[in-house]
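Below: one structure, written as structure tokens.
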Amino acid sequence: MAESSSPGMKREDPDRNSKMSAVVVVHGGAWAIPDQLAEASVDGVKAAACEGSSVLKRGGSALDAVEAAVRALEDNPAFNAGHGATLNADGEVELDAIIMDGRTLASGAVSSVKNIANPVSLARAVMEKTAHVMLTSRGANLFAESIGVVTVPPDTLLTEYEKKEWEKHKTYVTGVDEDFNTQWAHDTVGAVAVDRAGNVACATSTGGIRNKMVGRVGDSPVIGAGGYADNLSGAVSCTGHGESILKVTLARLILSHVERGKSVADSSQLSLQYMADRVRGAGGSIVVSPSGQWAATFTTDRMAWAAVDQDVLCSLPAPRGQWAIRRLLT
Amino acid sequence: MTLEQTEPGMQEIKPASFMSLIATLKPVSTSRLSTFPSQLIDMLPVVVVHGGAGHIPKERSELSTSGVTSAVRAGYAVLRGGGSSMDAVVEAVTYLENNPAFNAGCGSVLNVKGDVEMDAFVMEGKTLGSGAVSAVRNIANPIQLARLVMDKTSHLCLTAEGAKQFARSMGVPEVPQESLITEYSRMRWRKNLAPDANPVECQMGKMGTVGAVAVDSQGNVACATSTGGILNKMEGRVGDTPCIGCGGYADNMVGAVSTTGHGEAIMKVVLAKHILYQMEQGQSVEAASDLGLACMKFRAAGLGGVITVDPQGHWAARFSSRQMAWAAAQKDTLHYGLYEGENFTQSIDVQH
């Protein structure tokens, strides 16, 4: 099929092609991050990007790197995923996650799973150990049990901060109906990576929207919305207002622009702008191309993100020297 | 765009895309289209339905054909009565869910534990609004529940127990699981419990995800897809159907698609959205559908089928599997087929 194999060849910035570099980019959610959380968020994404990068440096695959980075974010209570996730209308944690391998288009996802500390790793197990792509709810928990993934007590994932916030907001019956760009929104984490072989991968994990209905599934575990990875075009992880991201299948939309020859930065910009215009949704995305181009873009007030762009020609293990950290305020 | 516009006596010989050129040049036809200038008749409204791609056993093919034609009649009646494309696709899919010959609602395949868990999805092209349910149990018409998710919540997808709770809160009656299970589905479940069974292969015998796409006279497009999933699937398995862009997509600027076939492969290429991207690039509904199916075969080694409409009323029913039961209604004419190249037509008012 000409149309599906050719796009990957149209790479921007030809001088990147000669020196394949390994890159990992992570995000900790696009929303109006309050000042008291901003520092923890930036520290968290830095540490996670470092985690992913060290996997790549050891020769690990892009898939290993995004899993490691997202696990670090899930374990960090500053983020709405794994430990620190938001509570649903019943005061319970229900988690969604996806992982995708750009080599084979294989992916795995879990939705509305409970009592799992690292949903991204369970998603990877769905990809590698089942004939399916997505498991939901109790079925996902039964699968976790069957492969020996430890179930943690519900309180393990709950933070004091979240308990307070949930109490504060549970009176908003229609909370999730309101415009997305409010202070209380709290979001998803994700990572994208390209390894030295040019393989790309993505992973996204979330606790969803605070006060969501029981069983609500957002964009994160849905292939093409919360994430997508294809060695012919690139890998994307999205964050923001889940229902809007779903409506425009944001991850796939971004890569369709890349396939038509746009840069990863322009593709992200165009797609987020389209989401704002068409369905009035705000959000953010991180993207890498197989040649190592990357972008972190958002239309929310803030998005905590970090990238480690480790050039193969500059393999000095400079632990802090290679950081490319910026925080952008739109 | 189709030849019928210029030569009213011929029906649905589709413009040649690289793959469909040969395939579509052998339509078996019982055409009763008049020789009056049908190009003057408006292309809208139109509704197309499918009853799943696969190889349908001979003894069941008659059931499939009569099922999709009566579903398309029901959808078309809604459109002719002034209903929206969303009303029409939900009506058509409700018919298919209620028909035990299809793998959706009553007649759904059973999961490995012998239970029915269903997925459904609706989307309307004007606002990109959509609703979905996944792994829901004890509901006769998941497609109507998906529409309620769209209309009554601020979410797009509810899963499993949460979807059931929502159904309860909306007053949707719970039905006993037994009422959704047929002898045929139980027999196939039992057969595939044997350790050497190959449920995926067997599934091809009656893939049977159902779906509909429509354009109403205002030019609004909509899609609906509903399924019991894969035979002997794991508990909680969610396929392509409720995933937006995979099992279906609808956008007034481009068109609407409902897909069927090997769910995991459909997901890999985000098939419905892929086809609409091709149409945005100027491909016809047929060519875009064929390109999408070819991409899925090439990149994900999967077979399937799609129904596609654009806002002008052009439509296509295309598949890479051996068969797909499909039917369409436009200009008071019923079209239907099962094997490649078939396009039987008759007046919509003549009962099949």
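The values are calculated or read from the model by the stated rules, or taken from the named source; none is laboratory data. Values in this document were obtained by computation on a predicted structure and should not be read as measured data. Here the Cβ positions follow ideal geometry from the backbone for every residue, glycine too, while neighbour counts run over all protein chains shown.
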Failed item in (1) closer than 18 Å to residue B:248 by Cβ; (2) at pLDDT below 95, with residue B:94 passing the rest: (2)
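Sort out which residues of the range A:265-284 are aliphatic (A, V, I, L, M) and either over 19 Å from residue A:235 (Cα atoms) or in contact with a helix residue (DSSP H, G or I) (Cβ under 6 Å, 6 or more places away or on another chain) (or both), and write them in order of number. Give the steps one after another, and end with the answer.
Filtering the range A:265-284 for residues aliphatic (A, V, I, L, M) gives A:265, A:270, A:272, A:275-276, A:279, A:282.
A:270, A:275, A:276, A:279, A:282 - these are the residues of the range A:265-284 that are aliphatic (A, V, I, L, M) and either over 19 Å from residue A:235 (Cα atoms) or in contact with a helix residue (DSSP H, G or I) (Cβ under 6 Å, 6 or more places away or on another chain) (or both).
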Condition check for residue A:188: more than 11 Å from chain B (Cβ to nearest Cβ), out of contact with any Cys (no Cβ under 9 Å at 6 or more places or on another chain) and crowded, with 24+ Cβ neighbours inside 10 Å: no
Test set (1) out of contact with any Lys or Arg (no Cβ under 7 Å at 6 or more places or on another chain); (2) more than 9 Å from chain B (Cβ to nearest Cβ); (3) part of a helix (DSSP H, G or I) - residue A:138 fails condition number: (2)
Subset of the range B:229-278 (residues that are more than 17 Å from the chain's Cα centre (by Cα) and under 18 Å from residue B:213 (Cα atoms)): B:252, B:253, B:254, B:277, B:278
Residues that are more than 10 Å from chain B (Cβ to nearest Cβ), part of a helix (DSSP H, G or I) and in contact with a Lys or Arg (Cβ under 7 Å, 6 or more places away or on another chain), drawn from the range A:229-258: none
Members of the range B:302-322 found to be modelled with pLDDT of 95 or more and more than 16 Å from the chain's Cα centre (by Cα), listed by number: B:311, B:312, B:313, B:314
The range A:211-228 - residue that is within 8 Å of chain B (Cβ to nearest Cβ) and on the phi > 0 side of the Ramachandran plot and, of those, surrounded by the fewest Cβ atoms within 10 Å (Cβ to Cβ): A:215
Which numbered condition residue A:88 misses (of (1) surrounded by fewer than 24 Cβ atoms within 10 Å (Cβ to Cβ); (2) under 16 Å from the mean Cα position of the chain (by Cα)): (2)
